[in-house]
Structures are given as C-alpha cells and as structure tokens.
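Worksheet for the structure shown next.
Laboratory data are not the source of any read-out in this text; all were calculated from the coordinates shown. Keep in mind it's a predicted model, so treat the numbers as computed, not measured. Glycine also receives a Cβ, built like all others from the backbone with ideal geometry; neighbour counts cover every protein chain displayed.
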Amino acid sequence: MDHDFSPQDIISRARAAFVGLAIGDALGAPVEFMTRGEIKTKYGVLKEMVGGGWLRLKPGQVTDDTEMSLCIARGIVGAGTWSLEAIAGNLAAWLKGKPIDVGDTCRRGVRNFMLRGILETPPNEWDGGNGAAMRTLPVALYTLGDEELLRNYSVQQAHITHNHALSDAATVHFGKLIHLALTGRSLSGLRRETEDFIARFPNFGFDPYKGLATGYVVDTMQTVFHCFFRTRSFEACVIETVNQGGDADTTGAIAGALAGAYYGEKEIPQRWRKKLDKKVLAEIEELAERLVVTAMER
C-alpha cells in the first residue's frame, strides 16, 4: 500500500537516499571489474566495506559516483537555484583536484566545459554509459513534486557529459522512482512505473535477468531493477547488487539511493554508516536536506 509521508519523513528519506548512494558506492568499489565468481571465491558474499580493489581504497572510501553527485548538489545549493554553469564549475574543480577515479566520457565532457565552456556535449552513440544516471540523485531531490522540472534538469545535467537517448531515459526514470519512493509509493507501485518505462524502452527489460552489470547504462539499470525488486530490505538490496560484480560501485550507488529513499534512514545498517568518512557523511546529509526542503518550499 501507499503511504502519505510528513515533511519530516520526506526529509529523512532524502538523507537516506544520499547516504545510501555513498554506502553502495563504498561497498561496491573494491569489487569493481570483478566477476560474480571472483567475488564469491574471494569473499563468499561481500557484506562489509573492505576497501582495497583496483583503486586501493580505504574501507568506506567513496569514488566518483558520490563525488560527482556531491558536485551537482553543491552547484545547486551554492547557486541557490538551478544553474548548469555552477554544476559544471563544481565538476571542473573536482576534476582539477585529481580524483581517485573518473570515467572517460565524464572526463571528456568536463574538460570540454573547462577548455571551451561547452555545457552540452554533442550526441554520441558510444556515450551510453551510466555516468549521468549515477549522479542524478541531487536533481531528483531538488525537483521533488515537479516531474517536468525533473525531466528537463536531469537531461541538462546528463548532457554535460553524456548525450545519448538511453542514458537520458535511465536518468529520468531513476529520478522518477526516487520521487515515488520519497513520497510513499509502494514497491508494487514502483514496479508498475518501471513496467511502463520498459514498455516505452524495451532495452531495459530485466526479467529474465541476463546477469550483466557493466557500465553500459542498460546493464546497470537492469541490475538495479533486478536486485531492488527481488529483495525486501535496504541491506539485502545493496548486498545483492554489488555481488553481481562488474561496475559494482555504480550499480551499488544507484541501488543504494533507491533503497535508501524507499526503506528510510532506520533501515541503513550502522556498521556501514560508521565506515563512511565523517566529513563526507555530514555534507551529504546537509545537502540532501537543503535540496529537498527547497523543493518542498517551491
């Protein structure tokens, strides 16, 4: 059944979504590029923030999924309004700071802004990666209650780096699921919304699940849908997702954001929260709250 949440509930769920994104990122990053079999051999089931991996991370350390999401949130909150320039400026500052990881398409798009002030990358059939979808949560929080704004702003931020029809579709649909989860829609309601989406974009069909968790946005979203709709808790959803391997930090981040919005703060395991960097956690919670309060005031 659906619920009607109070403003305080919605703010709490917005925080849970952003914290969930960071947790999924930090849990999945050490097994990025590993297969399901390799993860099983090494960890059995990966349930803890172990650190390591190809990026040699500290346990609980986040990567570009969380960092780029923070750039977008800082851009919106800092400007006090929607400003693509402010968002791109934050992404540029982040890239100049030599982040631990950045995808090629994201790097190219941000560099084009830095060098030539370009805010919309040209359409490219090879840009169907998940780099736009993974960072769109702040846009969903900021546009809560306005589906048209969600659609416009999600695509604008996506096109800084990724101008591809399937990336756009995934980015908007992910934002829509966040809106529904924040406002108390049931799991079956979210599932119906996703079935409607797949009717329009059949590529994203995930039943039966093909077991591909690559950085291609279709594989990414199929993995998130498969894991979110078959589990019944925040913890189970995120564990199921990252243990598929592949682009595990990004599938983990997207699934964690969605599960956080749906299950709420109380369902997020303390052992994972405690592993996150305190400064990162504090900034995430503050920005999530400010974005969704702005939306509610609007």
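General observations
- Exposure proxy for SER83, SER167: other Cβ atoms within 10 Å of each Cβ, ordered fewest to most, give SER83, SER167.
- Net length available on complete extension from GLU85 to ASN124 is 11.9 nm, with 0.36 nm assigned per residue and the Cα-Cα distance removed.
- Beyond 23 Å in Cα-Cα separation lie the following of the pairs LYS58/LYS274; LYS96/LYS274; LYS47/LYS274; LYS98/LYS279; LYS176/LYS279: LYS96/LYS274; LYS176/LYS279.
- Exposure proxy shown here: for ILE10, ILE23, ILE72, ILE118, the number of other Cβ atoms within 10 Å sets the order, fewest to most, as ILE118, ILE10, ILE72, ILE23.
- Here the residues MET114, MET49, ranked from fewest to most Cβ neighbours within 10 Å of their Cβ, fall in the order MET114, MET49.
- Rounded to the nearest 0.05, the FRET efficiency derived from the C-beta distance between ASP4 and ARG111 at R0 = 41 Å is 0.35.
- Compactness of region 88-183 is given as radius of gyration and Dmax, 13.3, 41 Å, from Cα positions.
- The calculated Kirkwood hydrodynamic radius for the chain is 18.5 Å, given to one decimal from all distinct C-alpha pairs.
- Treating r as the C-beta distance of LYS98 and GLU267 and R0 as 35 Å, the FRET efficiency rounds to 0.50.
- Using the Cβ-Cβ distance between ARG151 and THR41 with R0 = 45 Å, the FRET efficiency computed as 1/(1 + (r/R0)^6) comes to roughly 0.55.
- Span-rule helices in the chain, defined as complete DSSP H runs reaching 27 Å or more along the axis (Cα) with Kyte mean at least 0.0: 7-28, 278-297
- Among ASN124, ASN112, ASN243, the largest mean-square fluctuation in a Gaussian network model of the chain, built with springs joining Cα atoms closer than 10 Å, belongs to ASN124.
- Net dipole in debye of the chain [+1 Lys, Arg Cβ; -1 Asp, Glu Cβ; about Cα centre; nearest 20]: 800
- Rounded Å value of the spacing that divides the Cα centres of region 256-293 and region 29-108: 15
- Summed side-chain charge close to ARG15 - residues other than ARG15 whose Cβ falls under 13 Å, Lys, Arg +1, Asp, Glu -1: -3
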